[in-house]
Each structure stands twice: as C-alpha cells, then as structure tokens.
Amino acid sequence: MNLLAALWGFAEATLFFIVPDVLLSWLGLRSRRSALVASGYALAGALLGGVLMYSWGVRDLSAARAVLAMLPGVDFALLDLARHQLHAFGVLALFKGALGGVPYKTYAIQAAAEGVGLMLFVAVSVFARWLRFVLVIVATRWIVRALFSGYALPVQRRWLMAGWLVFYAIYFTWLTR
C-alpha cells in the first residue's frame, strides 16, 4: 500500500485529479499507524510531482496552465486564484490551498513566476501536504467510527467510499463551476 500511496501522491501532484486522501482515509479506518506511514509515502510522491510541475512552470508556464485547465475541477479561474494567493500570501498560500480545495499542482506550476524558489516551495510543501493528509486520516477515522461504530470494518469502508463519491460529485458539479 505504501508504493500505491507514493504513486498516487505523485499522480495527483501532476495530472491525476483524485487526492491520495481517499486511500489514506481508507487505510486509516483499519490502522491509524499504517495510514500515517502511507501518508509519508504519499508526501514523497507529491513532492516529486511538485518538483516536476514547478520545473514545467519554469520552462513553459502557459503550456502548463493550458494542460491543467483541461483537467476535471481545474479551469483558468482556479489557476488565477492560485496565482493570486501566491502573490498575496507567498508560499504560505500552499496551506490555504491544502485546506481549501485548490489543487497543489496549480500552485506548483506558478510558484516560480511569483518569486517562490524551489527549495522554499519544497520545504513548505512538506508541511502543507502532510498536515492535510494527517487531518484527513484523523478526521475521517473519527467521523466514520462515530457514525458507524456498530458496523464491521468492511461496512465502514463502504460508507467512507460513499462519502468520497458524494464529495467528488459535489466538488466537480458545483464547487468548480
């Protein structure tokens, strides 16, 4: 599962559009410890993906923006929001995005253009990404166990996946219009 977490972290930091939090929260229902370990792998993958996207933004920002704008849940308005947040808050915008639904990749491609150096981007990414991963693991574990405490783990996981389906239906239907 750790390799899957790393690959998922990398994929989502680049061109995939489903967050590794889905896997991490699923793992967290069985074992908080294994989910936290997997979150470290997801983080490593995300950092590699973030460096790749940062480099793409340095080389050809307009092409990177055009490709990202074709992804589900990303458009030029969202890309502009990420750039505005980087301009207004600097690299700390990564925390705003991590907790506010703005994809990491949108910051990664635009960070250099807003004066954020690669090493600073990576350093802050460690904390912003991992904070979100840990919060999702802990929160989903608590919520699912509170709501479905009398159910076996497979049933709890089905409810969790149903919750993620509802989340993405809302995110892609209403929140990214």
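Only the coordinates and a few stated rules stand behind these numbers; no lab work does. All of these numbers come straight from a predicted model, not from anything done at the bench. Reconstructed Cβ throughout: ideal geometry from the backbone, glycine too, with neighbour counts over all protein chains shown.
Taking segment 47-77, which residues are under 23 Å from A6 (Cβ atoms) and among the polar types (S, T, N, Q)?
If the condition is that a residue be under 23 Å from A6 (Cβ atoms) and among the polar types (S, T, N, Q), then S55 is the only one that fits.
How many residues does segment 82-101 contain that are closer than 16 Å to V116 by Cβ, in contact (Cβ under 8 Å) with a residue 24 or more places away in the chain and among the hydrophobic types (A, V, I, L, M, F, W, C)?
Here is the first cut: in segment 82-101, the residues closer than 16 Å to V116 by Cβ are 82-98.
Those left that are additionally in contact (Cβ under 8 Å) with a residue 24 or more places away in the chain: 82-83, 86-87, 90-92, 94-95, 97-98.
Going one step further and asking which of them are among the hydrophobic types (A, V, I, L, M, F, W, C), we end up with 82, 86, 91-92, 94-95, 98.
Residues meeting the conditions: 7.
Which of the residues spanning segment 28-52 are surrounded by 24 or more Cβ atoms within 10 Å (Cβ to Cβ) and over 15 Å from R129 (Cα atoms)?
Within segment 28-52, G28 is the sole residue that qualifies.
List pairs: first residue in segment 52-72 and touching a residue at least 24 places away in the same chain (Cβ under 8 Å) and at negative phi, second residue among the hydroxyl-bearing types (S, T, Y) and assigned to a helix (DSSP H, G or I) anywhere in the structure, Cβ distance under 7 angstrom, at least six positions apart or on different chains.
L52/T14; M53/T14; L68/T106
Quick one: W8 ticks every box in (1) crowded, with 16+ Cβ neighbours inside 10 Å; (2) closer than 20 Å to L118 by Cβ; (3) in contact (Cβ under 8 Å) with a residue 24 or more places away in the chain; (4) not hydroxyl-bearing (S, T, Y) bar one, so which box is it?
That leaves (2) as the condition not met.
Go over the candidates L120, L94, L160, L165 one by one and state the one that is at negative phi, of a type in the set (A, V, I, L, M), exposed (fewer than 14 other Cβ atoms within 10 Å of the Cβ) and in contact with a helix residue (DSSP H, G or I) (Cβ under 6 Å, 6 or more places away or on another chain). Break it down stepwise before answering.
On the way: L94 fails: exposed (fewer than 14 other Cβ atoms within 10 Å of the Cβ); L160 fails: exposed (fewer than 14 other Cβ atoms within 10 Å of the Cβ); L165 fails: in contact with a helix residue (DSSP H, G or I) (Cβ under 6 Å, 6 or more places away or on another chain).
Residue meeting the stated conditions: L120.
Being in contact with a helix residue (DSSP H, G or I) (Cβ under 6 Å, 6 or more places away or on another chain) and free of Cβ contacts under 8 Å to residues at least 60 places away in the same chain is the filter here, so list the residues in segment 28-51 that pass it.
Of everything in segment 28-51, those that are in contact with a helix residue (DSSP H, G or I) (Cβ under 6 Å, 6 or more places away or on another chain) and free of Cβ contacts under 8 Å to residues at least 60 places away in the same chain turn out to be S34, A38, Y41, A44, G45, L48, G49.
If you take the residues of segment 144-162 that are free of Cβ contacts under 8 Å to residues at least 12 places away in the same chain and under 23 Å from the mean Cα position of the chain (by Cα), which of them is nearest to R30 (Cα to Cα)? It would help to see each step written out before you state the result.
Just the residues of segment 144-162 that are free of Cβ contacts under 8 Å to residues at least 12 places away in the same chain, to begin with: 146, 148-152, 154-155, 158, 162.
Now drop any that are not under 23 Å from the mean Cα position of the chain (by Cα), which leaves 158, 162.
Details: R158: 13, A162: 17 Å.
Only one residue fits best here, namely R158.
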